[in-house]
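To start, the structure itself, in structure tokens.
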Amino acid sequence: MINKEISIRRKFENDLKEIIVRMLEIFQFNAEISKMIHGRSGIMHEIDIFAEKRDEPQIRLLIKYKSFMEEDTLRLSDVLCFWAQILDISADQGIILTSCKVSESAAKFAEHHGIQILASKRPNELKYKILELESLIPKMLRHA
């Protein structure tokens, strides 16, 4: 029974990533799931979702997904690791999507370093939170 529940949740998470990739494509991004990227340090990083803006200015976006299936809390160490990936890959923006509780130190560090955390107890709501990100919406649509 537990294995079936885990399988269903993993399928949902993969479906959610696919939905997010399609949404990013609407905002003129080319996006890939589980992309391996060579960092400036020489280390290979596996990124949950990697996206590049198709038009000018070029924007490189990294998205990390952390589900409550992994742990119940998004910790400072998770954000620190993601921040290091952003720096090593020379990405312009980082977003963490999570259905976990977010620790105060993780939220504070992310805010200070411009990493957006989108959290919801219900993972299905995360796709709507992506749509609300001003940094992804073209300027002409923001003022409409």
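What's the local net charge at His45, with K and R +1, D and E -1, over the other residues with C-beta under 9 Å away? Residues near His45 contribute -1 overall. Of Lys35/Lys129; Lys35/Lys101; Lys66/Lys129; Lys53/Lys108; Lys101/Lys129, which sit over 18 Å apart, Cα to Cα? As for pairs spanning more than 18 Å Cα to Cα, those are Lys35/Lys129; Lys35/Lys101; Lys53/Lys108. Spacing of the modelled spin labels on Ser90 and Glu104, each 7 Å from Cα toward Cβ, amounts to 3.9 nm. Computed extension length for Ser41-Leu133: 30.1 nm, one decimal, from 0.36 nm per residue of separation with the Cα-Cα distance subtracted. The modelled label-to-label distance for the pair Asp55/Asn14, using points 7 Å beyond Cα in the direction of Cβ, is 3.4 nm. Computed over the Cα atoms of segment 41-109, pair by distinct pair, the Kirkwood hydrodynamic radius stands at 12.8 angstrom.
Computed from the coordinates by the stated procedures, all read-outs in this text should not be read as laboratory data. The structure displayed is predicted, hence computed values, not measured ones. Here the Cβ is made from the backbone with ideal geometry for all residues, glycine too, and neighbour counts use every protein chain on show.
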